[in-house]
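Beneath this line is the structure, given in structure tokens, with notes to follow.
The values are calculated or read from the model by the stated rules, or taken from the named source; none is laboratory data. On a predicted model such as this, the values are computed, not experimentally measured, just so you know. FYI the Cβ positions are ideal-geometry reconstructions off the backbone, even for glycines, and counts take in every protein chain you see. Calculation scope for accessible area: heavy atoms of the full protein, side chains included, ligands and nucleic acids excluded. Shrake-Rupley method; radii C 1.70, N 1.55, O 1.52, S 1.80 Å.
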Amino acid sequence: MLVLVAPGQGAQTPGFLTPWLELPGAADRIAAWSDAIGLDLAHYGTKADADEIRDTSVAQPLLVAAGLLSASALGDLAPGAVAGHSVGEITAAAFAGVLDDTAALGFVRTRGLAMAEAAAVTETGMSALLGGDPDVTVPHLEKLGLTPANVNGAGQIVAAGTKEQLAALEADKPEGVRRVVALQVAGAFHTHHMAPAVAKLQEAATALTVADPKVTYVSNKDGRTVATGDEVVSRLVGQVANPVRWDLCMETFKELGVTALVEVCPGGTLTGLTKRALPGVATLALKTPDDLDAARTLVAEHQAA
């Protein structure tokens, strides 16, 4: 069984879209999406520097566009399941047919702008904790006033909060944590700091045309599968202020019998987590078009099975 997954914010790097635009029709698709959402995706994906694409309002549409473009380059896909980490859930919703591509990009443009506005109220951020026991780490974070915003499994939790709270964490790591790594994101996502964005997404969601998922959709709210399009969109709205439980998504992959995982561009993060948490599952990250042949082979093997 094959699962197709999409990464979240922080996976982007300067120029990562450049080789993908050389594929037939890719530049035209990116140009059409750019016109639809009022954002020059080609510029930001090829010429912008790290600070420019760190901007939440830019990074999120760019990631969804890259995920959709790279998945389409694989040809006809029939994954057994789809999932996404944070903003990657919007990409996954498009994979599942809940939203069409243009609607997904319009929605993520609203999401990025709303979250950027919420992040500007207070100076906040996120840091990844590597190693440690969640039963020890989570209470320690809460003692410092931080939120375990991403519980990723495989020995990784991401803390979110104010800059002062994150500085306190650097000075007082939980027992067993090897490293604390500041993430290149512009706010405390998936915490109460993002509550103002929820109302704006609720309003935007009323204009969406929604269909039920055509494949199994695994939600990062709790790792459960979601059967209706309305419930998928409701979760997309609420998740900006709720923690991401990627660890529970991977538990569900195991229960579903997933044997292969392909992570769309800019892949790598979720593939690494899967290798550590689900040994024996074949993985492939779409980083550049050079990865497409191997991905097509993996997809063909597991779709045939």
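Partners of K254 within straight-line reach, counting aspartates and glutamates whose Cα lies under 17 Å from its Cα and excluding those fewer than 8 residues away in the same chain: D222, E263. Accessible area of F107 (1.4 Å probe, protein heavy atoms only, ligands and nucleic acids ignored): about 10 Å². Relative to the globular-protein estimate of 2.2 N^0.38 Å, the Cα radius of gyration of the range 55-168 stands at 1.26. For an R0 of 45 angstrom, estimate the FRET efficiency from the Cβ-Cβ distance between D135 and E301 and round to the nearest 0.05. Using R0 = 45 Å, I get an efficiency of 0.70. When the C-alpha to C-alpha distance is required to be over 28 Å, the pairs from K200/K275; K200/K221; K214/K287; K47/K275; K47/K221; K47/K173 that qualify are K200/K275; K47/K275; K47/K221; K47/K173. Taking amide hydrogens as placed 1.01 Å from N in the peptide plane, the amide H of A48 sits under 5 Å from those of G15, each at least 5 positions away in sequence or on another chain. The portion of the accessible surface of the range 22-177 made up by carbon and sulfur, rounded to a whole percent, is 49 (1.4 Å probe; DNA, RNA and ligands excluded). For the chain, the pair-distance distribution built from all alpha carbon pairs, in bins 20 Å wide starting at 0, is 36, 60, 4 percent. A full extension of the chain between D290 and K214 corresponds to an added length of 24.5 nm, given 0.36 nm per residue minus the alpha carbon distance.
Using only Cα coordinates, the Kirkwood hydrodynamic radius of the range 200-305 works out to 15.4 Å. Within the listed set S72, S34, S57, the Gaussian network model of the chain (springs between alpha-carbon atoms below 10 Å) gives the highest mean-square fluctuation for S72. Considering only R54, R235, R179, the Gaussian network model of the chain with Cα springs below 10 Å gives its largest mean-square fluctuation to R179.
Within the chain, the longest run free of exposed loop sites, counting GluC sites (Glu not before Pro) that sit outside DSSP helix and strand states (H, G, I, E, B) and have at most 16 other Cβ atoms within 10 Å, spans 176-305. One equal scatterer on each Cα of the range 1-107, no solvent, Debye formula: the resulting log10 I(q)/I(0) at q = 0.10, 0.16, 0.22 Å⁻¹ is -0.25, -0.65, -1.25.
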